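J.: Before I ask anything, here is the structure I am working with.
The values are calculated or read from the model by the stated rules, or taken from the named source; none is laboratory data. No experiment lies behind these values; they were computed from the predicted model shown. As a convention, Cβ positions derive from the backbone with ideal geometry for all residues, glycine included, and neighbour counts pool all protein chains shown.
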Amino acid sequence: MSMAAAIPPFETFYEEHRIEVLRFLGRRLGRNRAEDAFQDTFLRALRAYPRLEHGDHLRAWVLTIASRIVLDESRKRKPAGELPEVATEESWHPAFEELAPLTEGLPPKERAAVVLRYGYDLGYDEIGVALGSTEAAARQAASAGVRRLRKETT
Amino acid sequence: MTDTVPSVLDERFRAAAAAEGLLDVAYDVLADTPIGALLVGVTDHGVCRISFDPDPDGELETLARLHGSRVLRSSAPVERVRRELDEYFEGRRRRFEVEPDIRALPAYNQRILVELARVRYGSTTTYGTLAARSGNPRAARAVGTVMNRNPIPIVLPCHRVVGSTGKLTGYAGGLDRKERLLRLEGAIL
């Protein structure tokens with residue numbers, strides 16, 4: 001049995017992930033919009049922090065929040081009537097709320113990979129970074145997760 | 001490629017986190033006081049920590065355990081304590097207005113620290129006297145332990161507590177600092 005990691009003081013968590021979050025947001029939104037999104041991401045993380053149950057996968061967790069902010073940003077920006085690219089993606093991929101209960105039974109790493117890939121449309125390179133492993137391992141974790149889900153649902 | 005988070009962005013987040021009331025503890029390091037660097041932590045209820053060891057790692061863990069995990073460096077909430085400490089070190093302040101937050105401590109420690117807070121600027125008392133005032137004259141040694149673990153030195157003036165012979169005895173921040181503070185207050189020459 002492995003012990004779950006302790007939840008670090010927020011300062012430690014923030015110092016560890018802030019550069020990666022800013023880079024991630026910069027790639028998705030461009031530099032200027034990334035700055036507001038940066039603050040929103042960590043304020044949202046701060047609000048949710050007391051509800052964390054353990055300190056595992058905090059990178060994946062904060063990148064998930066950042067992805068959510070990117071989606072919200074993109075929705076705000078698209079004028080009505082125009083078919084938003086992200087919304088199209090979303091109609092292909094279930095949102096996190098739908099994926100969360102569905103993936104509950106998966107091992108943590110597979111679950112994170114599935115949610116980040118199909119819930120947030122992150123690339124395997126980004127998921128690899130988020131999980132602290134490689135692109136190939138992220139791809140493998142996501143497909144193992146999907147296989148397991150198919151088995152469970154059929 | 002971004003190598004660092006620009007400091008404007010970093011400070012803006014830290015200020016917003018405090019302004020939105022999202023922190024359990026805001027802390028800052030006062031780098032150059034006359035007795036060296038001090039780490040100061042505050043909660044919504046007042047100042048909860050003054051540490052002579054400004055290396056935050058172990059310190060942050062302790063703050064998180066006692067007060068909650070949302071511990072973040074943020075200078076604005078610490079500003080008032082910083083100002084009062086500056087005035088104190090310049091000899092322009094004899095008592096602190098900022099409230100000490102000792103809620104996280106055991107009731108026994110709280111009782112003794114409340115007595116300690118009554119020891120006036122420029123005076124000294126002994127461990128035995130403080131023990132008697134807290135209801136148990138024989139608990140001088142226990143009082144010594146509580147002084148040694150005082151989380152808010154200077155504001156809660158454990159430097160004003162000396163041995164029964166007038167000897168300075170111990171201080172968590174080192175005897176040099178204790179002597180310096182008592183000298184500043186004119187309690188010793």
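J.: Considering the stretch A:20-38 alone, what residues qualify as being under 20 Å from A:Ala130 (Cβ atoms) and free of Cβ contacts under 8 Å to residues at least 12 places away in the same chain?
T.: Within the stretch A:20-38, A:Arg23, A:Gly26, A:Arg27 meet the criteria.
J.: Sticking with this structure for a sec: Being outside any helix (DSSP H, G or I) and over 19 Å from B:His67 (Cβ atoms) is the filter here; which residues of the stretch A:4-52 pass it?
T.: Matches in the stretch A:4-52: A:Ala4, A:Ala5, A:Gly30.
J.: Looking at (1) in contact with a strand residue (DSSP E or B) (Cβ under 7 Å, 6 or more places away or on another chain); (2) crowded, with 21+ Cβ neighbours inside 10 Å; (3) within 14 Å of chain A (Cβ to nearest Cβ), find the lone condition where B:Val47 falls short.
T.: (3)
J.: Spot the failing condition for A:Glu16; the list is (1) surrounded by fewer than 20 Cβ atoms within 10 Å (Cβ to Cβ); (2) modelled with pLDDT of 95 or more; (3) more than 7 Å from chain B (Cβ to nearest Cβ); (4) farther than 14 Å from B:Thr4 by Cα, and only one is missed.
T.: Looking at each condition in turn, A:Glu16 falls short on (4).
J.: Within the stretch B:175-189, restricting attention to residues that are surrounded by 13 or more Cβ atoms within 10 Å (Cβ to Cβ) and farther than 17 Å from B:Gly36 by Cβ, which residue is modelled with the highest pLDDT?
T.: It comes out as B:Glu185.
J.: Something else about it: Give me the residue from the stretch B:161-174 that is of a type outside the set (Ser, Thr, Tyr) and within 14 Å of the chain's Cα centre (by Cα) and, out of that set, surrounded by the fewest Cβ atoms within 10 Å (Cβ to Cβ).
T.: Restricting to residues being of a type outside the set (Ser, Thr, Tyr) and within 14 Å of the chain's Cα centre (by Cα), the top hit is B:Ala172.
J.: Further question on the same structure: With the structure loaded, tell me whether B:Ala64 is within 30 Å of A:Leu25 (Cα to Cα), assigned to a helix (DSSP H, G or I) and more than 14 Å from every other protein chain (Cβ to nearest Cβ) or whether it fails that test.
T.: no
J.: Need pairs with beta-carbon distance below 9 Å; first residue farther than 20 Å from A:Glu135 by Cβ and charged (D, E, K, R) and within the stretch A:99-119, second surrounded by 14 or more Cβ atoms within 10 Å (Cβ to Cβ) and at pLDDT 75 or above; sequence gap 6+ or separate chains.
T.: Here the result reads A:Glu104/A:Arg111, each pair linking the stretch A:99-119 to a residue that is surrounded by 14 or more Cβ atoms within 10 Å (Cβ to Cβ) and at pLDDT 75 or above.
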